[in-house]
């Protein structure tokens, strides 16, 4: 796996961090979640931009969004902000399969 893919995966993980921090900031009314949001969204975007120097934009963006969406939804279920249902988990597994498939076909 190339450095660009590692950076892209880390950036996708940071997308889940900033999305969760944004929710926790309650509309930027809470300081520390707001600070975490700004730091993580900046790092996530910089990593995405850097990875896109080697990974095609469509693939990079889809992997970044897909990973961020899956992790954000999983975190919401773990923290019980959203219900974990069999269908929801199956759909997230399908999204993971699609993201992994994009990695495989872009090699």
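Computed from the coordinates by the stated procedures, all read-outs in this text should not be read as laboratory data. These numbers were taken from a predicted model, which means no experiment stands behind them. FYI the Cβ positions are ideal-geometry reconstructions off the backbone, even for glycines, and counts take in every protein chain you see.
Using 0.36 nm per residue and subtracting the Cα-Cα separation, the extra length available between residue 46 and residue 6 on full extension is 13.1 nm. The Rg/Rh ratio for segment 44-107 is 1.05, where Rg is the radius of gyration of the alpha carbons and Rh is the Kirkwood radius. For the pair residue 80 and residue 35, a Förster radius of 30 Å applied to the C-beta separation gives a FRET efficiency near 0.75, rounded to the nearest 0.05. Applying D = kT/(6 pi eta Rh) to the chain, where Rh is the Kirkwood radius over alpha-carbon pairs, T corresponds to 25 °C and eta to 0.890 mPa s, the Stokes-Einstein value obtained is 171 µm²/s. Ordered by the count of other Cβ atoms within 10 Å of each Cβ, fewest first, 87, 36, 8 give 87, 36, 8. Going from the fewest other Cβ atoms within 10 Å to the most, the residues 32, 75 appear in the order 32, 75. Our helix-only sum for the chain, with -39,500 (n - 2.57) per DSSP H run of n ≥ 4 divided by its residues, gives a mean residue ellipticity at 222 nm of -27500 deg cm²/dmol.
With contacts taken as Cα pairs under 8 Å at a separation of at least 6 residues, the chain carries a relative contact order of 32 percent.
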